[in-house]
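Taken together, the values in this text are just the output of simple stated rules run on the coordinates, not laboratory data. Everything numeric here is computed off the predicted structure, so don't read it as measured data. Quick reminder, even Gly has a Cβ in these numbers, built from the backbone with ideal geometry, and neighbours come from all protein chains shown.
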Amino acid sequence: MSYYDEEDTLMRRPSDVTARASIAVAEEETLMRQPVATEDDGAPEISVFLPVFNEEPNLRPLHAKLDEALAALGTTAEIIYVDDGSTDKSLKALRELARLDRRVRVVALRRNYGQTAAMSAGIDAARGQILIPMDADLQNDPADIKRLIEKLNEGYDVVSGWRKARKDKMLTRKLPSMLANRLISWIGGVPLHDYGCSLKAYRRDVLQDVRLYGEMHRFIPIYASWAGARVAEIPVEHHPRTMGQSKYGLSRTLKVVFDLMTIKFMASYQTKPIYVFGTFGMIAFAVSLLAGLWAIIRKLEGESFIKNPLPILSIVMFAVGVQFLLMGLLAEMLVRTYHESQAKPIYAVREKIGFDAQREK
């Protein structure tokens, strides 16, 4: 029979120094190294996070450039790599970087979820007051981080990079991107030249309530602007890809269009869906009424209902109108359940003044 030996247990417990230098690996696929809290160890000022998918040859030279760029800032920073289910040796390279650099934190996802999910994981893991996402393919230049932060300090909440001299193919990358950016700027109401550039700078409070789905990471400046954030854009460097393979293609264009429709609907009708469903319902009722009246007029002129398709059209459109109205009422119930169950406000506050101070009467 074995007994609990407190002294023996303490002797076998790993030291704090070992714990700080180690990386916790869960189920051989998930890796996440949390910072060791000490009296002098606070949250960094800047969090740089990078989605990684099969970028093993780029990671070491990229980290060397990041190290140089962050050293020039003269402030505290962390680097978060989000491995999005890589099938090459990317995770092994990230483990090595985390072992050598205490600023590095790694989040390894169980499978490939896509860039938006990886971005969301990076935002959740970040601790800094300024958050900077960027690609891990060496096409973004870490030296531009300083310029983004300088622009942010001019009073902006979001600073977006613009790949003005983009080093990509014209027909498959640049032309579709130009068209998409104009469409997004027109619908979203935020005129930016390059929504697809991952290199941006955000203040933390801008992203704290953002939830990303689909391919919506590129629309974060629109979300922020609709919430009252001040958005700016500056040109950034863009380098041609020299190692690895591009993960982007024309297949994303259709997804972007669908996501754009979604965010426009959410922005305009999230708290009042009956307006859009009710509008379509009333249009259907109007068509039903006109078709019915015209069918009656034709009947009075001697034409049989059997040979006239208008009565069927009138009945169908009336049923469609009823369905739209019921869908709108159901959506209203869901919206109220969503907000009231979480005590979630339907507005965003930039600042409160005078609430904490005790005013003299």
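Per-structure values
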item	result
Cleavage-rule hits, trypsin sites (Lys or Arg not before Pro), the range 90-122, DSSP coil, Cβ neighbours within 10 Å at most 16	R102, R110, R111
Pairwise label distance in nanometres, V316 with I187, each label 7 Å out on the Cα-Cβ vector	2.8 nm
Dipole magnitude (debye, nearest 20) for the range 274-341, charges at Cβ of Lys, Arg, Asp, Glu	200 debye
Options S314, M282, W294, ranked by Cα towards positive dipole end of the range 274-341, top entry (Cβ charges)	W294
Paired Rg and Dmax values of the range 274-341, which use every Cα atom, in angstrom	16.6, 59
Linear extension gain, F258 paired with K307, 0.36 nm per residue minus alpha-carbon span	13.5 nm
Residues of the range 189-207 with amide N under 20 Å of a point placed 7 Å along Cα→Cβ from Q129	200-207
Contour excess over end-to-end distance, with Cα ends at K92 and A165 and 0.36 nm allotted per residue	22.9 nm
Only Lys, Arg (+1) and Asp, Glu (-1) charged, at Cβ; the range 34-133 dipole about Cα centre in debye	340 debye
